[in-house]
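Here the structure comes first, spelled out in structure tokens, and everything after it is commentary.
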Amino acid sequence: MVILFDGVCNMCNSFVRFIIKRDKNKVFQFASLQSKYGMALSAHFNVSSDNLKTVILFDGEKILMQSDASIEILSSLNGIWKAALIFKIIPSFIRNGIYNLLAKNRYALFGKKDQCSVPTDDVKDRFLDEAIFTTEA
């Protein structure tokens, strides 16, 4: 499964590091939405390349976005994170409303980098199209 994320968003980068630390089976690979891979996959599924306000999960056949993607990602991790499935009982318009409010204000709350971060050597193989990444800000 591939997670597309906003590569300059501090909150998004923290979420990716959180996942990497807990994804012991290496289920997930990553690409920034700004990368060639991210832009191509977004275009394939008609997701606006201007929309960097959502995490996207690609499972090989379909994409999930916003709270659906976040819940699927968390529930795919080992341990207590499987309990994230409980949030599916909340209607998606409520979940996504909260998600969109946080996404809209993520730079103000958590800041952003000028450039996408470079993955460290120990996780570089989990990032697709890493050659487009620039040096860490």
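The values are calculated or read from the model by the stated rules, or taken from the named source; none is laboratory data. Just so it is clear, the model here is predicted, and its values are computed rather than measured. Positions of Cβ are generated from backbone atoms using ideal geometry, with glycine treated the same way; all protein chains shown enter the neighbour counts.
General remarks:
- Meets criteria (part of a helix (DSSP H, G or I) and either surrounded by fewer than 19 Cβ atoms within 10 Å (Cβ to Cβ) or touching a residue at least 60 places away in the same chain (Cβ under 8 Å) (or both)) for Ala69: yes
- Identity of the residue in the stretch 72-92, part of a loop (DSSP other than H, G, I, E, B) and either at pLDDT below 85 or small (Gly, Ala, Ser) (or both), that ends up surrounded by the most Cβ atoms within 10 Å (Cβ to Cβ): Ser76
- Meets criteria (at pLDDT below 85, in a helix (DSSP H, G or I) and surrounded by fewer than 17 Cβ atoms within 10 Å (Cβ to Cβ)) for Asp125: yes
- Test: residue in the stretch 93-108 that is among the β-branched types (Val, Ile, Thr) and assigned to a helix (DSSP H, G or I): yes
- Sole exception among (1) surrounded by 20 or more Cβ atoms within 10 Å (Cβ to Cβ); (2) more than 15 Å from Val16 (Cβ to Cβ) for Met39, by number: (1)
- Residue in the stretch 42-57 that is farther than 24 Å from Lys124 by Cβ, of a type in the set (Gly, Ala, Ser) and buried (at least 19 other Cβ atoms within 10 Å of the Cβ) present: no
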